[in-house]
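Here's the structure we're looking at; comments come further down.
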Amino acid sequence: MTKENKKVILYIIILILILIGCSLLTLFIIPEFFESSTRIANTILWIALAIISIPIENDHTRFKGKKEKIKTTLIIVIIYNMLYFLLGIPLGYARNPLSMKFFSIIKNLIFIVGVIALQDYVRSKVINNVRRKINYVIFTIIFVLMRLDYSEGIAVFASGEKIFEYICSVIIPEIAKGCVCSYLAFTGGTLLVYAYSIPMALIKVLLPIFPNLDWFLTSVFDILISVIIFLYNNYEHTVKTNRLTRKERKKMSPIKLIPSMAILLIAVSFIAGFLPAKPIAVMSNSMVPTFSRGAAVISVKVKDPSKLQVGDILHYRSENGDIIHRIINKKEDENGEIVFQTKGDNNGSPDSKLVEKEQILGKVKIYIPYLGYPSVWFGEKILGRKSSITI
């Protein structure tokens, strides 16, 4: 066994021990290990690992086109964040959950940005010490596991829906970030990783507001930037390390993927309700014979609820969830505001409460039988939603 292999094994053992130690502290000793003043211990650990990593030899001269990759990666990150923040114009903005007080910002710069910088430095060192795919995979998994907040993860086990949300909003984006950071370290070294990870961390810490997106869209955009950065750097790395003809370069160009990415974004926006129309799976038979359980309906946003008429199928939010029932009466309440009485076509009596304008989510215009069955099954079996309400 060579010295390089021994070093890699030693680092794997050290990182696994730190991961196990942090997990034990989180689970049994200090539940808020990754929060408050205890973050100091985590920072000290990474400082120690970074110092130990300094003597590890890395031949950075082998990274072809590194400067061009760094510049373009920074440009992609800047453009992405500009477009991301422009989403706040139609959707509104929300305050940064991190404190914006001066000393809190300093702490976050140290404990969030600083730790990420240390982690990516160690990542680059150990991955490039012995350049094997197995090292890339092992260290990517380890670094993803070490960046997860286990106290938050434990709290979500109360319901299937929370588990699903945690996987989609935290674990999958962290896997995407971990993979692209390891790839950048593998193809361009520490500075190339920093071109991606440090600006993203600084924006998270320094900006007082963010677009008011739900967890689904936020995770989609987190994954999207990772995919874009990977595609560009993979293209540049292939071009720089292989002798390709102009035709081969054109064939591999990531620009060709822009139409596919645009279609994917439109599809995701449609499913998430970002567009004026939103698909919904029907989970009960309250609207039989118009449509039944398992149908997919398209709910279109209503600009002026006063124009809704008796007979229209209304999509509105109640205390128990989203409801899709037909309007059977339209009248004014004691304050002169228009309210609607609704009823499921298959129900014997009207809904118990009148629907106010603020509750209205849309009007159903299209319904397709059976198309929503996969979503119904997933909602009931995985997320644990009840089928007594039409959603």
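Descriptive notes on the structure:
- Filtered by the rule that a residue be among the polar types (S, T, N, Q) and assigned to a loop (DSSP other than H, G, I, E, B), segment 319-366 gives ASN320, ASN335, ASN346, ASN347, SER349, SER352.
- Residues of segment 177-213 classified as over 14 Å from GLU68 (Cα atoms), within 17 Å of the chain's Cα centre (by Cα) and not basic (Lys, Arg), total: 12
- Some residue of segment 219-236 being at pLDDT 90 or above, farther than 27 Å from LYS162 by Cα and buried (at least 21 other Cβ atoms within 10 Å of the Cβ): yes
- Whichever residue in segment 97-129 is out of contact with any Lys or Arg (no Cβ under 8 Å at 6 or more places or on another chain) and over 19 Å from THR43 (Cα atoms) and, among such residues, is surrounded by the most Cβ atoms within 10 Å (Cβ to Cβ): ILE127
- Selection count where residues are of a type in the set (Lys, Arg) and either over 16 Å from GLU337 (Cα atoms) or outside the structural domain of THR290 (by TED's automatic domain parsing) (or both), scope segment 306-322: 1
- Hits in segment 322-367 - residues which are free of Cβ contacts under 8 Å to residues at least 24 places away in the same chain and of a type in the set (Lys, Arg): LYS330, LYS331, LYS343
- When ILE324, ILE391 are checked against the criterion of being in contact with a Gly (Cβ under 7 Å, 6 or more places away or on another chain) and either crowded, with 17+ Cβ neighbours inside 10 Å or modelled with pLDDT under 90 (or both), a single residue qualifies: ILE391.
- Filtered residues of segment 73-101 (kept if in contact (Cβ under 8 Å) with a residue 60 or more places away in the chain and assigned to a loop (DSSP other than H, G, I, E, B)): LEU87, GLY92, ASN96, LEU98, MET100
- Criterion: in a helix (DSSP H, G or I) and modelled with pLDDT of 90 or more - qualifying residue of LYS204, LYS162, LYS240, LYS251: LYS204
- Scope segment 283-321; condition modelled with pLDDT of 85 or more, under 22 Å from LYS353 (Cα atoms) and of a type in the set (A, V, I, L, M, F, W, C); matching residues: MET287, VAL288, VAL302, LEU308, VAL310, ILE313, LEU314
- Looking across segment 48-61, the residues that are surrounded by 13 or more Cβ atoms within 10 Å (Cβ to Cβ) and at pLDDT 65 or above come down to ALA48, LEU49, ALA50, ILE52, SER53, ILE56.
The values are calculated or read from the model by the stated rules, or taken from the named source; none is laboratory data. Remember, it's a predicted structure, so these values are computed and weren't measured experimentally. Neighbour counts run over all protein chains shown; Cβ positions are idealised from the backbone, glycine included.
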